[in-house]
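Okay, so here's the structure we're looking at.
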Amino acid sequence: MKENKKLQVSAIKDGTVIDHIPAKNLFKVIRILGLMNLENQVTFGTNLDSQKLGKKAIIKLSNKFFEDEEISKIILVAPKARLNIIKNYEVIDKKLVSVPDKIIGIAKCVNPKCVTNHEKVKTKFKVLSKSNVALKCLYCEKITDEEHIEIII
Amino acid sequence: MKNRSLVSIDDYSKEEINRILDLAEYFEENPNQKILEGKVIASLFFEPSTRTRLSFESAVNKLGGRIIGFTDSSTSSVTKGESLNDTIRTVSKYSDLIVMRHPLEGSARFASEVSDVPVINAGDGANQHPTQTLLDLYSIKKTQGTLENLNVFLVGDLKYGRTVHSLLIALSNFNPVFNFISHEKLRIPDEYKLILDELGVKYYEHSEFTDIISKADIIYMTRVQKERFSDPVEYEKTKNVYVLKNSMLENTKENLKILHPLPRVNEIDEDVDDNSKAYYFTQALNGVFTRQAIISSILGLK
Ligand SMILES: [Zn+2]
């Protein structure tokens, strides 16, 4: 069972593998999770073949495990991402990204007259729809739908 | 409600709305009381709105409070580029309550987060104007004796009119039936229809302003703004279709009252003004009592 499929990026002993990231959003995932500031070993591969996504990216993090809330932030850019939790070279758990109730400071409000686009205010959204992510701004109360979501970090 | 900001009409529950309306009735009977003695109310109008500002200032004066502030941002430090954050933090040190109007949407919510004292939103762009909604509710309750089970007609700009949207949400607590009359370009947005569907509130949409108004308990008229049309010809046409004239009121219900947030353009003909069903000028006066109720309730004085 443990024999891996063709390894596209080298294996890790303990940590987390984030799979099924759309290739074009790899660097957004890195920024949202703040991976550039980690001291841990991080390897990633991108433009890998994927049946689901066309081109996908994958990130492997040694000795790094995420709380559900932390990882849920990437829902905006990698809704189909899958987490493999690795202990001693074995996948001991698999998780999907859960949809958070609120999104803070990651996306831009679509309303040009919103205070968050003029003052130094962290954006805050309530997540309305769990299937097609729609965000309701907690300041101007306007809705930013999935196709207009712009990541600002 | 004590010490809590009023930014959006959904900040108040049905019970809290009822409490404000009862208090407004009390202030209508006893308008002059010195319960705000020693209190300083900051009135920050980052954009001018004489009507709303005078209504608030009248409410504060009748209660014996003091007012500091500015009437439009060109005369304040805001023109020197001070951030909203800094203005609010500073003013909240000098005052017991802030009343603010600002062109940016969400500005009042942001102010309520950085202020040490409660904030009353007197209009944030096209977003919310909850004191207008409460005075509309007070006017409806006063003229109908109740807010429950009313047939409410909303006419004009139902797409962009923030007073319409807030009124819908607030009235939905009271089992209404809504009838929407508007040009197809100014229809009620889908997101509000979804909310009404979820709440199980009945509503009907019409594009013609006809004798269906004979069923109305309340007709809430709004103005159609020129800016909403890219084609000036279409604006001229539309603006003359949704006009209420005295002759249209012949077969309407005895208890019908006509409301309008004012100022009007031409959507209510002046020949309606002397009809006893015209209520829009009294409605404006009700704003003072409603604001007295809101201010004294937030300051914990009533
Ligand atoms: Zn916004």
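Counting only protein heavy atoms and a 1.4 Å probe, segment A:5-153 has 56 square angstrom of accessible area per residue. In the protein assembly as shown, the DSSP beta bridges split such that about 50 percent are antiparallel, to the nearest 5. When chains B and A come together, the accessible area they lose, probed at 1.4 Å and totalled over both chains, is close to 1200 Å². Once ligands and nucleic acids are excluded and a 1.4 Å probe is used, how much of A:M36 is accessible, expressed in Å² to the nearest 10? A:M36 has an accessible surface of roughly 110 Å² with all protein chains in place.
Only helices reaching 20 angstrom along their own axis (Cα) with mean Kyte-Doolittle hydropathy no lower than 0.0 count here, and for the DSSP H runs of chain B these are B:280-298. For the set A:K142/B:K34; B:K2/B:K142; A:K28/A:K120; B:K226/B:K302, the pairs lying more than 32 angstrom apart at their alpha carbons are A:K142/B:K34; B:K226/B:K302. Within 10 Å of the Cβ of each residue in A:109-115, the mean number of Cβ atoms contributed by other protein chains is 6.
What shape does chain B have by the C-alpha gyration tensor, where a ≥ b ≥ c are the square roots of the eigenvalues, rounded means a/c under 1.5, and otherwise prolate means a/b greater than b/c and oblate the rest? Prolate, because a/c is 1.5 or more and a/b exceeds b/c.
In segment B:80-106, what residues drop by 40 Å² or more of accessible area when the other protein chains are put back, versus the chain on its own? Use 1.4 Å, and skip ligands and nucleic acids. For segment B:80-106, once contacts with the other chains are taken into account, B:L104, B:E105 lose 40 Å² or more. Holding the Cα-Cα limit at 31 Å, pick out from B:K141/B:K239; B:K193/B:K253; A:K73/B:K14; A:K113/B:K141 the pairs that are longer than that. Where the Cα-Cα span goes over 31 Å, the pairs concerned are A:K73/B:K14; A:K113/B:K141. Across the accessible surface of the protein assembly as shown, with the other protein chains kept in place and a 1.4 Å probe, carbon and sulfur atoms take up 47 percent. When restricted to Cα atoms, segment A:33-153 yields an Rg and a Dmax of 16.3, 52 Å, respectively.
How high is the relative contact order of segment B:1-103, in percent, counting Cα pairs under 8 Å that sit 6 or more residues apart?
Relative contact order comes out at 32 percent.
Between the residues B:L262, B:N246, B:V272, the greatest Cα displacement towards the positive end of the dipole of segment B:223-272, with unit charges on the Cβ of Lys, Arg, Asp and Glu, is found for B:L262.
Of the chymotrypsin sites (Phe, Trp or Tyr not before Pro) found in segment A:50-144, those in coil by DSSP whose Cβ has at most 11 other Cβ atoms within 10 Å are A:Y89.
The values are calculated or read from the model by the stated rules, or taken from the named source; none is laboratory data. Keep in mind the model is a prediction, meaning the values are calculated, not measured. With ideal geometry, Cβ positions are generated from the backbone for all residues, glycine too; neighbour counts draw on all protein chains shown. What goes into the accessible areas is simple: the full protein's heavy atoms, side chains included, and nothing from ligands, DNA or RNA. Shrake-Rupley method; radii C 1.70, N 1.55, O 1.52, S 1.80 Å.
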